[in-house]
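Below is one structure, written out as structure tokens, with a few remarks after it.
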Amino acid sequence: MPDKDSRNYIYGIHTSNAQLKLNPTNIKRIFIKKNSQNKQLKRIILISNQHNIPLEEVEKDFLTTLSFSNKHQGVVCELNNLSLSNFNLDTYLQIHKSPFIVIFDSIQDPRNLGSCIRTANAAGVSLIIKKKANSCEISPLVHKAASGGLQGLSLLETNNLSSIIKKLKNNNITIIGTDHTASKSIYEMKKISSGIAVIIGSEGDGVSKSLLSICDEIYKVPIHGSVDCLNVSVATGIVLYQVYLSVKKIK
């Protein structure tokens, strides 16, 4: 069996198709359910052959063990090993003068993180920065929840968010924090003509106070009903689309 400590896996028909469509060269090998008559799996086999991607037909239990899930739908892709910590932020900032960035501060649930990544992709984010410690890893379950949302995005994992944020600010990127106790609503956000980075906090504690202290602006998602708060993935969608609209207005 492949070494799970040095490999990166995604699973599921939709997620695998997204990878095949957007970046097939990053697929090292595909494991597919043996003797399957599923038309979508057969299509994956066809496309993998077109791209000369090695393919192995295996038992269902092998796929379950490989993906740590029984929801693999008969397919698991092994990606080329990527180091999330080796992303070159300086090069990125040279290329992207007015980027749209989201920073995840200690999101711990893989489904929440995957959903947030999918939303970030849809909202036009080009770079995701996530805290490494006290945060879930980019696991097969995150890939599954993101449903292809990681394709086309740059990704940086770090334990020093403060220094990263300071570098962003030095490159004329406005830092937006989110906090339920903020005095301003996200709908009161003023127009921004520079690049922008939005910080999204953890499910329980939100954005850390140390990061909030270096934000340029802090906004909340207003709650008009009886609930105390929104799920982090829902709040992420509201915030990122409102930010997109605020930036788009000045273009």
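Take the residues in the stretch 1-11 that are of a type outside the set (S, T, N, Q) and out of contact with any strand residue (DSSP E or B) (no Cβ under 7 Å at 6 or more places or on another chain), then tell me which one is modelled with the lowest pLDDT.
The qualifying residue modelled with the lowest pLDDT is 5.
Looking at the stretch 21-65, which of the residues that are hydrophobic (A, V, I, L, M, F, W, C) and in a strand (DSSP E or B) is modelled with the lowest pLDDT?
27
Looking at the stretch 123-143, which of its residues are under 11 Å from the mean Cα position of the chain (by Cα) and buried (at least 22 other Cβ atoms within 10 Å of the Cβ)?
Hits for the stretch 123-143 are 125, 127, 128, 129, 130, 138, 142, 143.
Tell me, which residue of the stretch 211-245 that is small (Gly, Ala, Ser) and not in a helix (DSSP H, G or I) is farthest from residue 115 (Cα to Cα)?
So the residue we want is 213.
Residues to consider are 212, 168; find the one that is buried (at least 19 other Cβ atoms within 10 Å of the Cβ) and out of contact with any helix residue (DSSP H, G or I) (no Cβ under 9 Å at 6 or more places or on another chain).
So the residue among 212, 168 that is buried (at least 19 other Cβ atoms within 10 Å of the Cβ) and out of contact with any helix residue (DSSP H, G or I) (no Cβ under 9 Å at 6 or more places or on another chain) is 212.
Search the stretch 43-54 for residues that are closer than 17 Å to residue 73 by Cα and pair each with any residue that is part of a helix (DSSP H, G or I) and among the hydroxyl-bearing types (Ser, Thr, Tyr) when their beta-carbon atoms are under 8 Å apart and the residues are at least 6 apart or on different chains.
Short answer, once both residue conditions are applied: 44/16.
From the list 236, 181, 158, which one is in contact with a Lys or Arg (Cβ under 8 Å, 6 or more places away or on another chain), in the same structural domain as residue 92 (by TED's automatic domain parsing) and surrounded by 14 or more Cβ atoms within 10 Å (Cβ to Cβ)?
Answer to the selection: 158.
What is the one condition in (1) at pLDDT 90 or above; (2) in a loop (DSSP other than H, G, I, E, B); (3) of a type outside the set (Phe, Trp, Tyr); (4) under 24 Å from residue 172 (Cα atoms) that residue 97 does not satisfy?
Among (1) at pLDDT 90 or above; (2) in a loop (DSSP other than H, G, I, E, B); (3) of a type outside the set (Phe, Trp, Tyr); (4) under 24 Å from residue 172 (Cα atoms), residue 97 violates only (1).
The values are calculated or read from the model by the stated rules, or taken from the named source; none is laboratory data. If you're wondering where the values come from, they're calculated on a predicted model, not measured in any experiment. No Cβ is skipped: glycine too gets one built from the backbone with ideal geometry, and neighbour counts run over all protein chains shown.
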